[in-house]
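Since the structure comes first, as C-alpha coordinates, the remarks are kept for the end.
The values are calculated or read from the model by the stated rules, or taken from the named source; none is laboratory data. Since the structure is predicted, the reported quantities are computational estimates derived from the model, not experimental observations. Reconstructed Cβ throughout: ideal geometry from the backbone, glycine too, with neighbour counts over all protein chains shown.
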(Lines give C-alpha, C1' and ligand atoms only; values in the text may rest on other atoms or scores of the structure.)
Protein backbone atom coordinates (compact mmCIF):
# COMPACT_ATOMS: atom_id res chain seq x y z
CA UNK A 1 0.00 0.00 0.00
CA UNK A 2 0.99 3.61 -0.58
CA UNK A 3 0.54 6.68 1.60
CA UNK A 4 -1.86 7.95 -1.08
CA UNK A 5 -4.14 5.01 -0.19
CA UNK A 6 -4.89 6.70 3.16
CA UNK A 7 -8.25 7.97 1.88
CA UNK A 8 -11.97 7.82 2.48
CA UNK A 9 -13.20 6.02 5.58
CA UNK A 10 -9.78 4.70 6.59
CA UNK A 11 -8.84 8.30 7.30
CA UNK A 12 -10.80 7.76 10.50
CA UNK A 13 -7.78 5.75 11.64
CA UNK A 14 -4.80 7.47 13.23
CA UNK A 15 -1.53 7.50 11.28
CA UNK A 16 -0.13 5.01 13.81
CA UNK A 17 -2.92 2.49 13.18
CA UNK A 18 -2.57 3.05 9.44
CA UNK A 19 1.13 2.26 9.63
CA UNK A 20 0.38 -1.00 11.48
CA UNK A 21 -2.11 -1.89 8.77
CA UNK A 22 0.45 -1.17 6.06
CA UNK A 23 2.85 -3.60 7.71
CA UNK A 24 0.08 -6.21 8.09
CA UNK A 25 -0.92 -6.12 4.40
CA UNK A 26 -0.03 -9.43 2.77
CA UNK A 27 -0.57 -8.38 -0.85
CA UNK A 28 -2.28 -5.92 -3.18
CA UNK A 29 -4.29 -7.40 -6.04
CA UNK A 30 -6.17 -6.05 -9.05
CA UNK A 31 -9.45 -7.66 -10.05
CA UNK A 32 -11.52 -6.98 -13.20
CA UNK A 33 -15.07 -5.67 -12.97
CA UNK A 34 -17.96 -8.09 -12.61
CA UNK A 35 -16.01 -10.69 -10.60
CA UNK A 36 -17.37 -12.52 -7.55
CA UNK A 37 -14.72 -11.95 -4.87
CA UNK A 38 -16.38 -13.54 -1.84
CA UNK A 39 -19.33 -15.91 -1.84
CA UNK A 40 -21.87 -15.88 0.99
CA UNK A 41 -21.11 -18.56 3.57
CA UNK A 42 -17.56 -19.26 2.38
CA UNK A 43 -14.88 -19.33 5.12
CA UNK A 44 -12.89 -16.08 5.29
CA UNK A 45 -9.22 -15.87 6.21
CA UNK A 46 -8.54 -12.34 5.00
CA UNK A 47 -10.25 -8.95 4.91
CA UNK A 48 -9.96 -6.58 1.95
CA UNK A 49 -9.53 -2.82 1.82
CA UNK A 50 -10.70 -1.26 -1.44
CA UNK A 51 -7.99 1.06 -2.76
CA UNK A 52 -9.44 1.86 -6.17
CA UNK A 53 -12.59 1.02 -8.11
CA UNK A 54 -16.13 0.21 -6.97
CA UNK A 55 -17.48 -2.94 -5.32
CA UNK A 56 -20.90 -4.05 -4.17
CA UNK A 57 -22.54 -6.47 -1.78
CA UNK A 58 -25.42 -8.62 -2.96
CA UNK A 59 -27.87 -10.53 -0.80
CA UNK A 60 -29.16 -13.63 -2.62
CA UNK A 61 -32.02 -15.98 -1.76
CA UNK A 62 -32.27 -19.71 -2.37
CA UNK A 63 -33.75 -19.23 -5.82
CA UNK A 64 -30.80 -17.13 -6.96
CA UNK A 65 -32.60 -13.78 -6.85
CA UNK A 66 -30.16 -11.09 -5.74
CA UNK A 67 -30.38 -7.55 -4.41
CA UNK A 68 -27.57 -5.01 -4.14
CA UNK A 69 -27.46 -3.96 -0.49
CA UNK A 70 -24.26 -1.87 -0.38
CA UNK A 71 -21.81 -0.06 -2.62
CA UNK A 72 -18.17 0.27 -1.57
CA UNK A 73 -15.84 3.09 -2.59
CA UNK A 74 -12.06 3.50 -2.19
CA UNK A 75 -11.09 3.65 1.47
CA UNK A 76 -13.77 1.13 2.53
CA UNK A 77 -13.05 -2.23 4.11
CA UNK A 78 -15.45 -4.40 2.12
CA UNK A 79 -15.59 -7.29 4.58
CA UNK A 80 -14.02 -6.29 7.90
CA UNK A 81 -17.12 -7.60 9.67
CA UNK A 82 -16.02 -11.02 8.45
CA UNK A 83 -13.10 -10.84 10.90
CA UNK A 84 -15.11 -11.83 14.00
CA UNK A 85 -17.80 -13.73 12.05
CA UNK A 86 -15.49 -15.87 9.91
CA UNK A 87 -17.86 -15.65 6.92
CA UNK A 88 -20.34 -13.30 5.26
CA UNK A 89 -24.09 -13.63 4.70
CA UNK A 90 -23.83 -11.92 1.30
CA UNK A 91 -21.73 -11.97 -1.87
CA UNK A 92 -19.04 -9.37 -2.58
CA UNK A 93 -18.41 -8.45 -6.22
CA UNK A 94 -16.41 -5.90 -8.17
CA UNK A 95 -18.43 -3.31 -10.11
CA UNK A 96 -15.42 -1.90 -11.98
CA UNK A 97 -11.77 -2.86 -12.09
CA UNK A 98 -10.64 -2.77 -8.46
CA UNK A 99 -7.41 -2.69 -6.51
CA UNK A 100 -7.56 -4.42 -3.13
CA UNK A 101 -5.20 -4.64 -0.16
CA UNK A 102 -5.54 -7.98 1.65
CA UNK A 103 -5.02 -8.49 5.37
CA UNK A 104 -4.77 -11.95 6.97
CA UNK A 105 -7.20 -12.24 9.86
CA UNK A 106 -4.40 -13.45 12.09
CA UNK A 107 -2.51 -10.17 11.54
CA UNK A 108 -5.63 -8.08 12.19
CA UNK A 109 -6.30 -10.04 15.39
CA UNK A 110 -2.75 -9.32 16.53
CA UNK A 111 -3.26 -5.58 15.94
CA UNK A 112 -6.54 -5.62 17.87
CA UNK A 113 -5.11 -7.68 20.73
CA UNK A 114 -2.01 -5.50 21.12
CA UNK A 115 -3.84 -2.21 21.69
CA UNK A 116 -7.42 -1.56 22.78
CA UNK A 117 -7.49 1.80 20.96
CA UNK A 118 -6.50 0.10 17.71
CA UNK A 119 -9.23 -2.49 18.22
CA UNK A 120 -11.81 0.26 18.80
CA UNK A 121 -10.61 2.08 15.68
CA UNK A 122 -11.16 -0.99 13.51
CA UNK A 123 -14.49 -1.65 15.21
CA UNK A 124 -15.48 1.94 14.45
CA UNK A 125 -15.10 1.29 10.72
CA UNK A 126 -17.61 -1.56 10.93
CA UNK A 127 -20.01 0.63 12.91
CA UNK A 128 -19.98 3.36 10.25
CA UNK A 129 -20.49 0.67 7.65
CA UNK A 130 -23.55 -0.53 9.57
CA UNK A 131 -24.87 3.04 9.78
CA UNK A 132 -24.67 3.30 5.99
CA UNK A 133 -26.61 0.04 5.72
CA UNK A 134 -29.34 1.46 7.98
CA UNK A 135 -29.58 4.57 5.83
CA UNK A 136 -29.94 2.41 2.72
CA UNK A 137 -32.84 0.65 4.45
CA UNK A 138 -34.45 4.02 5.14
CA UNK A 139 -33.93 5.22 1.56
CA UNK A 140 -35.25 2.08 -0.14
CA UNK A 141 -38.15 1.72 2.28
CA UNK A 142 -39.26 5.31 2.81
CA UNK A 143 -38.10 7.49 -0.09
CA UNK A 144 -39.52 7.12 -3.55
CA UNK A 145 -38.50 8.07 -7.10
CA UNK A 146 -37.05 11.59 -7.18
CA UNK A 147 -36.24 11.74 -3.46
CA UNK A 148 -34.57 8.33 -3.40
CA UNK A 149 -32.42 9.01 -6.45
CA UNK A 150 -31.40 12.47 -5.20
CA UNK A 151 -30.54 11.04 -1.79
CA UNK A 152 -28.40 8.30 -3.34
CA UNK A 153 -26.54 10.73 -5.59
CA UNK A 154 -25.83 13.04 -2.66
CA UNK A 155 -24.39 10.15 -0.66
CA UNK A 156 -22.23 8.91 -3.50
CA UNK A 157 -20.93 12.38 -4.32
CA UNK A 158 -19.85 12.94 -0.73
CA UNK A 159 -18.27 9.50 -0.35
CA UNK A 160 -16.43 9.91 -3.66
CA UNK A 161 -15.21 13.35 -2.58
CA UNK A 162 -13.84 11.88 0.63
CA UNK A 163 -11.69 9.43 -1.32
CA UNK A 164 -10.58 11.98 -3.91
CA UNK A 165 -12.62 10.51 -6.77
CA UNK A 166 -14.90 13.51 -7.38
CA UNK A 167 -13.88 16.65 -9.22
CA UNK A 168 -16.12 19.64 -9.99
CA UNK A 169 -19.13 17.63 -8.88
CA UNK A 170 -18.33 14.77 -11.30
CA UNK A 171 -17.68 11.16 -10.36
CA UNK A 172 -17.79 7.74 -12.01
CA UNK A 173 -20.80 5.56 -11.17
CA UNK A 174 -20.86 2.63 -13.64
CA UNK A 175 -24.07 1.02 -12.39
CA UNK A 176 -26.73 -0.73 -14.43
CA UNK A 177 -30.32 0.49 -14.47
CA UNK A 178 -31.29 -2.41 -12.22
CA UNK A 179 -28.56 -1.58 -9.70
CA UNK A 180 -29.64 2.05 -9.59
CA UNK A 181 -33.20 0.91 -8.98
CA UNK A 182 -32.10 -1.33 -6.12
CA UNK A 183 -30.03 1.41 -4.49
CA UNK A 184 -32.90 3.90 -4.67
CA UNK A 185 -35.87 1.69 -3.84
CA UNK A 186 -37.72 2.05 -7.15
CA UNK A 187 -38.72 -0.11 -10.08
CA UNK A 188 -36.45 -0.43 -13.12
CA UNK A 189 -38.91 1.40 -15.35
CA UNK A 190 -38.79 4.52 -13.17
CA UNK A 191 -35.00 4.96 -13.27
CA UNK A 192 -34.71 6.66 -16.68
CA UNK A 193 -37.72 8.88 -16.03
CA UNK A 194 -36.35 9.95 -12.65
CA UNK A 195 -32.90 10.69 -14.06
CA UNK A 196 -34.53 12.74 -16.82
CA UNK A 197 -36.51 14.76 -14.28
CA UNK A 198 -33.38 15.51 -12.27
CA UNK A 199 -31.51 16.52 -15.42
CA UNK A 200 -34.29 18.75 -16.75
CA UNK A 201 -34.59 20.42 -13.34
CA UNK A 202 -30.87 21.26 -13.47
CA UNK A 203 -30.10 19.18 -10.37
CA UNK A 204 -28.16 16.13 -11.52
CA UNK A 205 -27.03 14.59 -14.80
CA UNK A 206 -25.87 11.04 -15.49
CA UNK A 207 -24.35 9.92 -18.77
CA UNK A 208 -22.14 7.00 -19.78
CA UNK A 209 -21.50 5.96 -16.18
CA UNK A 210 -20.57 9.44 -14.97
CA UNK A 211 -22.62 11.61 -12.62
CA UNK A 212 -22.49 15.38 -12.24
CA UNK A 213 -24.33 17.09 -9.41
CA UNK A 214 -25.42 20.45 -10.83
CA UNK A 215 -27.26 21.83 -7.78
CA UNK A 216 -26.01 20.21 -4.57
CA UNK A 217 -28.27 22.17 -2.23
CA UNK A 218 -31.41 21.34 -4.20
CA UNK A 219 -30.41 17.67 -4.50
CA UNK A 220 -29.99 17.52 -0.72
CA UNK A 221 -33.34 19.24 -0.17
CA UNK A 222 -35.27 16.97 -2.50
CA UNK A 223 -33.48 13.87 -1.23
CA UNK A 224 -33.85 14.82 2.45
CA UNK A 225 -30.13 14.15 2.69
CA UNK A 226 -28.38 14.56 6.03
CA UNK A 227 -24.79 13.17 6.08
CA UNK A 228 -24.81 12.63 9.85
CA UNK A 229 -24.98 8.85 9.43
CA UNK A 230 -21.49 8.91 7.87
CA UNK A 231 -20.00 10.16 11.18
CA UNK A 232 -17.44 12.24 9.32
CA UNK A 233 -14.38 13.09 11.44
CA UNK A 234 -13.30 15.81 9.01
CA UNK A 235 -14.81 18.52 6.85
CA UNK A 236 -16.25 16.79 3.79
CA UNK A 237 -15.70 19.93 1.71
CA UNK A 238 -11.97 19.17 1.67
CA UNK A 239 -12.63 16.33 -0.76
CA UNK A 240 -10.56 13.70 1.05
CA UNK A 241 -7.60 14.12 -1.33
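When you check residue 94 against the structure, is it free of Cβ contacts under 8 Å to residues at least 12 places away in the same chain and closer than 17 Å to residue 72 by Cα, yes or no? Talk me through it step by step, then tell me what you get.
On the way: free of Cβ contacts under 8 Å to residues at least 12 places away in the same chain: no; closer than 17 Å to residue 72 by Cα: yes.
It is false that residue 94 is free of Cβ contacts under 8 Å to residues at least 12 places away in the same chain and closer than 17 Å to residue 72 by Cα.
Checking residue 151 against (1) closer than 17 Å to residue 227 by Cβ; (2) touching a strand residue (DSSP E or B) at 6+ places or on another chain (Cβ under 8 Å); (3) crowded, with 21+ Cβ neighbours inside 10 Å, only one condition comes out false. Which one?
(2)
Scan 72, 67 and give me the residue that is modelled with pLDDT under 95 and on the phi < 0 side of the Ramachandran plot.
Details: 72 fails: modelled with pLDDT under 95.
On inspection, the qualifying residue turns out to be 67.
Look at residue 93 and say whether it is out of contact with any helix residue (DSSP H, G or I) (no Cβ under 8 Å at 6 or more places or on another chain), surrounded by 15 or more Cβ atoms within 10 Å (Cβ to Cβ), in the same structural domain as residue 26 (by TED's automatic domain parsing) and not in a loop (DSSP other than H, G, I, E, B). Before you say what the answer is, go through the steps one by one.
On the way: out of contact with any helix residue (DSSP H, G or I) (no Cβ under 8 Å at 6 or more places or on another chain): yes; surrounded by 15 or more Cβ atoms within 10 Å (Cβ to Cβ): yes; in the same structural domain as residue 26 (by TED's automatic domain parsing): yes; not in a loop (DSSP other than H, G, I, E, B): yes.
In short, yes.
Being under 21 Å from residue 164 (Cβ atoms) and not in a helix (DSSP H, G or I) is the filter; apply it to the range 226-241 and report the residue that is modelled with the lowest pLDDT.
Top of the filtered list is 241.
Can you tell me which residues in the range 118-143 are touching a residue at least 40 places away in the same chain (Cβ under 8 Å) and more than 21 Å from the chain's Cα centre (by Cα)?
Hit for the range 118-143 is 118, nothing else.
Among the listed residues 33, 8, identify the single one that is modelled with pLDDT under 95, closer than 22 Å to residue 166 by Cβ and under 18 Å from the mean Cα position of the chain (by Cα). Give the steps one after another, and end with the answer.
Details: 33 fails: modelled with pLDDT under 95.
One residue alone meets the criteria, 8.
Answer with yes or no whether residue 19 is surrounded by fewer than 18 Cβ atoms within 10 Å (Cβ to Cβ), more than 28 Å from residue 3 (Cα to Cα) and free of Cβ contacts under 8 Å to residues at least 12 places away in the same chain. Break it down stepwise before answering.
Numbers: surrounded by fewer than 18 Cβ atoms within 10 Å (Cβ to Cβ): yes; more than 28 Å from residue 3 (Cα to Cα): no; free of Cβ contacts under 8 Å to residues at least 12 places away in the same chain: yes.
Against the criterion (surrounded by fewer than 18 Cβ atoms within 10 Å (Cβ to Cβ), more than 28 Å from residue 3 (Cα to Cα) and free of Cβ contacts under 8 Å to residues at least 12 places away in the same chain), residue 19 does not qualify.
Give the range 72-81 a look and list any residue that's in contact with a strand residue (DSSP E or B) (Cβ under 6 Å, 6 or more places away or on another chain) and either surrounded by 22 or more Cβ atoms within 10 Å (Cβ to Cβ) or free of Cβ contacts under 8 Å to residues at least 12 places away in the same chain (or both), or say none.
Keep residues of the range 72-81 that are in contact with a strand residue (DSSP E or B) (Cβ under 6 Å, 6 or more places away or on another chain), which gives 72, 74, 76-80.
If the condition is that a residue be in contact with a strand residue (DSSP E or B) (Cβ under 6 Å, 6 or more places away or on another chain) and either surrounded by 22 or more Cβ atoms within 10 Å (Cβ to Cβ) or free of Cβ contacts under 8 Å to residues at least 12 places away in the same chain (or both), then 72, 74, 76, 77, 78, 79 are the ones that fit.
Go through the range 194-209 and count every residue that is surrounded by fewer than 21 Cβ atoms within 10 Å (Cβ to Cβ), in contact (Cβ under 8 Å) with a residue 12 or more places away in the chain and out of contact with any strand residue (DSSP E or B) (no Cβ under 9 Å at 6 or more places or on another chain).
3
Looking at 178, 159, can you tell me which residue is touching a strand residue (DSSP E or B) at 6+ places or on another chain (Cβ under 9 Å), within 21 Å of residue 55 (Cβ to Cβ) and modelled with pLDDT of 95 or more?
Values: 178 fails: modelled with pLDDT of 95 or more.
Just a single option satisfies the conditions, and that option is 159.
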